[in-house]
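The values are calculated or read from the model by the stated rules, or taken from the named source; none is laboratory data. Just so it is clear, the model here is predicted, and its values are computed rather than measured. Every residue, glycine as well, gets a Cβ built from its backbone with ideal geometry; the counts of neighbours run over all protein chains shown.
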């Protein structure tokens, strides 16, 4: 399958999109990105304005386009964000990033697991979880695993879950079992959450507890529940906001970010509120560009001083 990206609204940089911290189970080998969509192993690569897709079992063009959010008019989104002259600095080196439209269950589990973990650890735990409780997919010389269903996590023995080596061990295994139970019983209704306004949907997610705090809720809302106004905050976003928008941020918060002190829940709410207020309905897109821009900037500085 090939998808032509020959108009500005369809702009895409696959490498930037897949490597900007949204997803954890896609890996790159040569030119190809390998991951799963549903129960299919999928390879994607981009050659200029052409996206090539191969899969272990047939998948529809619409499935790929939906996942990559090619239905978003990226040129219009950036036109709106670029009304902020400061943000133009970001797009000088970062272009073509799209917010992915992930499966809500996989996204929720991934970000619960991600708390206080680096990306290699998140990948390792998710791979363990998929190997133990997903379905094996063999395709040519590739072996992958589908993401476990809520039912499979509900039925899993607690001891088997803990063998996935979660950062918080048995406690996190219990969190996942409880969350899976809520999904299976219909207490968590992802379709209903998509229809709720942002504030209500976030409050509903956080009321579930089981590992869902401010950041996890915002990530799930942005990456899987159609809330493009969500503005998740991590250390990279905090540093980017303080660097570019210092005059808008409380001096004590600027000081804490610059000294790499842990962010308090109040700090998180302040930075996230600034992002949503400043960038508006596409704050989530601005967040992804800021995240990738700041990481590129700091990696470049580290290379210069190495």
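Just one of 225, 277, 221 is surrounded by fewer than 18 Cβ atoms within 10 Å (Cβ to Cβ) and within 30 Å of residue 189 (Cβ to Cβ); which is it? First the steps, then the outcome.
On the way: 225 fails: surrounded by fewer than 18 Cβ atoms within 10 Å (Cβ to Cβ); 221 fails: surrounded by fewer than 18 Cβ atoms within 10 Å (Cβ to Cβ).
Step by step, each of 225, 277, 221 is checked, and only 277 is surrounded by fewer than 18 Cβ atoms within 10 Å (Cβ to Cβ) and within 30 Å of residue 189 (Cβ to Cβ).
Just name the residue that is nearest to residue 244 (Cα to Cα) out of those in the stretch 59-72 that are in contact (Cβ under 8 Å) with a residue 12 or more places away in the chain and more than 20 Å from the chain's Cα centre (by Cα).
Going through the stretch 59-72, the residues in contact (Cβ under 8 Å) with a residue 12 or more places away in the chain turn out to be 59, 61, 63-70, 72.
Now drop any that are not more than 20 Å from the chain's Cα centre (by Cα), which leaves 59, 61.
Numbers: 59: 42, 61: 39 Å.
My answer is 61.
Going through 45, 85 one at a time, which residue ends up being within 30 Å of residue 133 (Cβ to Cβ), outside the structural domain of residue 286 (by TED's automatic domain parsing) and either surrounded by fewer than 20 Cβ atoms within 10 Å (Cβ to Cβ) or at pLDDT below 95 (or both)?
Numbers: 85 fails: within 30 Å of residue 133 (Cβ to Cβ).
Just a single option satisfies the conditions, and that option is 45.
Cβ contacts < 8 Å: first residue without any contact (Cβ under 8 Å) to a residue 40 or more places away in the chain, restricted to the stretch 73-89; second residue surrounded by fewer than 13 Cβ atoms within 10 Å (Cβ to Cβ) and in a helix (DSSP H, G or I), any location; separation 6+ or different chain. Result?
82/88
Go through the stretch 182-225 and tell me which helices (runs of 4 or more DSSP H), entirely inside it, have 2 or more residues that are more than 14 Å from residue 110 (Cα to Cα).
Working: elements: 190-195, 198-207, 214-224.
Hits in the stretch 182-225: 190-195, 198-207.
Let me confirm something: among 137, 153, which residue is touching a strand residue (DSSP E or B) at 6+ places or on another chain (Cβ under 8 Å), assigned by TED's automatic domain parsing to the domain that holds residue 211 and either buried (at least 16 other Cβ atoms within 10 Å of the Cβ) or touching a residue at least 60 places away in the same chain (Cβ under 8 Å) (or both)?
Matching residue, one of 137, 153: 137.
Which condition does residue 130 not pass, out of (1) touching a helix residue (DSSP H, G or I) at 6+ places or on another chain (Cβ under 9 Å); (2) under 25 Å from residue 20 (Cβ atoms); (3) modelled with pLDDT of 95 or more, if it passes all the others?
Among (1) touching a helix residue (DSSP H, G or I) at 6+ places or on another chain (Cβ under 9 Å); (2) under 25 Å from residue 20 (Cβ atoms); (3) modelled with pLDDT of 95 or more, the lone unmet condition for residue 130 is (1).
Can you give me the number of residues within the stretch 107-121 that are crowded, with 19+ Cβ neighbours inside 10 Å and outside any loop (DSSP other than H, G, I, E, B)? Break it down stepwise before answering.
Taking the stretch 107-121 first, the residues crowded, with 19+ Cβ neighbours inside 10 Å are 107-114.
Narrowing further to those that are outside any loop (DSSP other than H, G, I, E, B): 107-113.
Of the residues in the stretch 107-121, 7 are crowded, with 19+ Cβ neighbours inside 10 Å and outside any loop (DSSP other than H, G, I, E, B).
In the stretch 180-193, what count of residues is obtained for those that are free of Cβ contacts under 8 Å to residues at least 40 places away in the same chain and more than 20 Å from residue 113 (Cα to Cα)?
Residues flagged as free of Cβ contacts under 8 Å to residues at least 40 places away in the same chain and more than 20 Å from residue 113 (Cα to Cα) within the stretch 180-193 amount to 6.
Is it the case, given these coordinates, that residue 260 is part of a loop (DSSP other than H, G, I, E, B), in contact (Cβ under 8 Å) with a residue 24 or more places away in the chain and surrounded by fewer than 17 Cβ atoms within 10 Å (Cβ to Cβ)? Break it down stepwise before answering.
Details: part of a loop (DSSP other than H, G, I, E, B): yes; in contact (Cβ under 8 Å) with a residue 24 or more places away in the chain: yes; surrounded by fewer than 17 Cβ atoms within 10 Å (Cβ to Cβ): yes.
Considered against the rule, which asks whether it is part of a loop (DSSP other than H, G, I, E, B), in contact (Cβ under 8 Å) with a residue 24 or more places away in the chain and surrounded by fewer than 17 Cβ atoms within 10 Å (Cβ to Cβ), residue 260 comes out as yes.
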